[in-house]
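**Q** My questions all concern the structure below.
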Amino acid sequence: MGKRPFLGSLGLTCGAGLLAGAYAWQIEPHWVDWVHRSLPLEGLPESIVGERMVQLSDLHVGPQVKTSYLLSVLQKVARIRPRWVLLTGDFVTYDGPWVLEELDRLLGMVSPLGVSVFACLGNHDYGEKWSQTKVADTVSSILARHGIQVLRNESVISSGLQLIGLEDYWGPGFDAKVALNDRDPTLPGVCLCHNPDGVDETAFEAFEGWVFSGHTHGGQCRPPFLPPPILPVKNRQYVAGEVSLGPKRRLYINRGLGHLIQARFNARPEVTVWNLMRASGR
C-alpha cells in the first residue's frame, strides 16, 4: 500500500474510533430506552389486569451522573402515573454525605413517582466496601420520606400482589430464606433482588413468579455479537433482559439509568414499563 492510501485508511480508522468514543461518552449514557413489556402473572386479580408497573434501577446519584438527566427521566415516569414503581437498588454512588443530600433533593422534585412505590437496596447503597450499614439506613430513611417503602428481607401485599424485597447480595444483611419465608404461593409474586446472582440461592427453588434485578448495567459496554468483557456477576448468563429460571420463575435484569463511569455502548439505559396480565391457563 502506498503512503497516501495508508494515511487515508489510518485517518478513517482514527475518525471512526473518535466518533464511537464520542457516542459512547456523550450520547448513549443518556439515551434512555423505554422498554414496554407484558407481565404475565398467575392468579392475578381481575381488578388489576391491565395496570402498569414501572421498574427503575441503578440511578447512581453521585459524582458521575447528572442530576438533571435523572430528574428528566423520573419526571416522565411520574407523568404516566403507574400503579406501581419498583426500584431495584443502587440509588447512590456514595462519595460523602453530599450524595445523600442530592438524593433527597432529587426525590423531592418528583414525589410521588407512582401510586405505590417499593424498593430494595443495592451494593452501592451500603457505601465503602458495601459494609456501611449507616449509609444504607440513611438511604432507606430518605426513600421513606418521599413515599418509597424499602423492603429489606421482607414482603408486603399491595392490591393483590405480593412484593418481596431482599437486602443486597454483597451486603451484610442478605437473607433470601428470611425474605421468602412468608411467601404466599396463592398470590402473584414479584421479588426485588438487586444482584441477579441472588436468585441462584437455594431459597429461591420454590419461588414462583418474577424476580426483578439490576446491577449489571447490561454490561455497560458490549461489543456487537460478543459477551460484555466486564460483568459484576458470577453467573455470566445474567446480563440484561429476561432469563428463564424454570417453568414458573422468570428473572428480568434492568440495564439501569446511571453509571459508575460515563460510558455506554450497546447497552442503553432503561426504563421498563410493564403491563400486567394473567398468565395463560389461570
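Values quoted throughout were computed directly from the atomic coordinates according to the rules given, and no laboratory measurement underlies them. Note that the structure is predicted; figures quoted are calculated from it, not measured. Cβ sites come from the backbone with ideal geometry, for glycine too, and all protein chains shown count toward neighbours.
**Q** Could you run the Debye sum over the Cα atoms of the chain, one equal point scatterer each and no solvent, and tell me log10 of I(q)/I(0) at q = 0.07, 0.12, 0.14 Å⁻¹, two decimals?
**A** Log-scaled intensity ratios, in q order: -0.26, -0.72, -0.96.
**Q** Considering the options GLN26, SER72, VAL211, tell which one lies farthest towards the positive end of the dipole of the chain, charges being +1 on Lys and Arg and -1 on Asp and Glu at the Cβ, about the Cα centre.
**A** Of the candidates, GLN26 comes out farthest on the positive side.
**Q** In debye to the nearest 20, how big a dipole does the chain give about its Cα centre with +1 on each Lys and Arg Cβ and -1 on each Asp and Glu Cβ? Walk me through the intermediate numbers first.
**A** Working: 27 positive and 27 negative charges, 226 e Å.
The dipole magnitude comes to about 1080 debye.
**Q** Enter the angle in degrees (range 0 to 90, nearest 10) between the Cα long axis of helix 3-22 and the first principal axis of the Cα atoms of the chain, meaning the one along which they spread out most.
**A** 20 degrees
**Q** How about the stretch 181-259: which chymotrypsin sites (Phe, Trp or Tyr not before Pro) there are in a DSSP loop, with at most 15 other Cβ atoms within 10 Å of their Cβ? The partial results should precede the final answer.
**A** Values: sites: PHE204, PHE207, TRP210, PHE212, PHE225, TYR238, TYR252; in loops: PHE207, PHE225, TYR238.
Here the sparse-neighbourhood loop sites are PHE225.
**Q** Please list 90-98, 118-126 highest first by mean number of surrounding beta-carbon atoms within 10 Å per residue. Before the final figure, lay out the partial values.
**A** Numbers: 90-98: 19.4, 118-126: 27.6.
So the order, starting with the most tightly packed, is 118-126, 90-98.
**Q** Using alpha-carbon pairs under 8 Å, 6+ residues apart, how would you state the relative contact order of the stretch 32-278 in percent?
**A** On the way: 609 pairs, mean separation 66.8, N = 247.
For the stretch 32-278, the relative contact order is 27 percent.
**Q** Please figure out what share of the DSSP beta bridges in the stretch 32-278 is antiparallel and state it in percent, rounded to the nearest 5. All intermediate terms of the calculation are to be shown ahead of the outcome.
**A** Details: 14 of 49 bridges.
Beta bridges within the stretch 32-278, antiparallel portion: roughly 30 percent.
**Q** Quick check on the exposure proxy: order TRP31, TRP170, TRP84 from fewest to most C-beta atoms within 10 angstrom.
**A** Working: TRP31 11, TRP170 19, TRP84 23.
Lowest to highest Cβ neighbour count: TRP31, TRP170, TRP84.
**Q** In what sequence, highest mean first, do 128-135, 149-156, 52-59 appear when ranked by Cβ atoms within 10 angstrom?
**A** Details: 128-135: 13.8, 149-156: 19.1, 52-59: 25.5.
Ranked from most to least packed, the peptides come out as 52-59, 149-156, 128-135.
**Q** May I pose another question? Mean residue ellipticity at 222 nm from the helices of the chain, using -39,500 (n - 2.57) per DSSP H segment of n ≥ 4 over the full residue count, to the nearest 500 deg cm²/dmol? Present the calculation step by step, with values, prior to reporting the outcome.
**A** Working: 5 runs with 64 residues, N = 282.
Using -39500 (n - 2.57) per qualifying helix, the result is -7000 deg cm²/dmol.
**Q** Run the dipole for the stretch 37-177 about the Cα centre, Lys and Arg Cβ at +1, Asp and Glu Cβ at -1, nothing else charged, and hand back the magnitude in debye, nearest 20.
**A** It comes to approximately 500 debye.
**Q** Any of LYS76/LYS129; LYS129/LYS177; LYS129/LYS248; LYS134/LYS234 with alpha carbons more than 29 Å apart? Name them for me.
**A** Values: LYS76/LYS129 33 Å; LYS129/LYS177 24 Å; LYS129/LYS248 35 Å; LYS134/LYS234 27 Å.
Among LYS76/LYS129; LYS129/LYS177; LYS129/LYS248; LYS134/LYS234, the Cα-Cα distance tops 29 Å for LYS76/LYS129; LYS129/LYS248.
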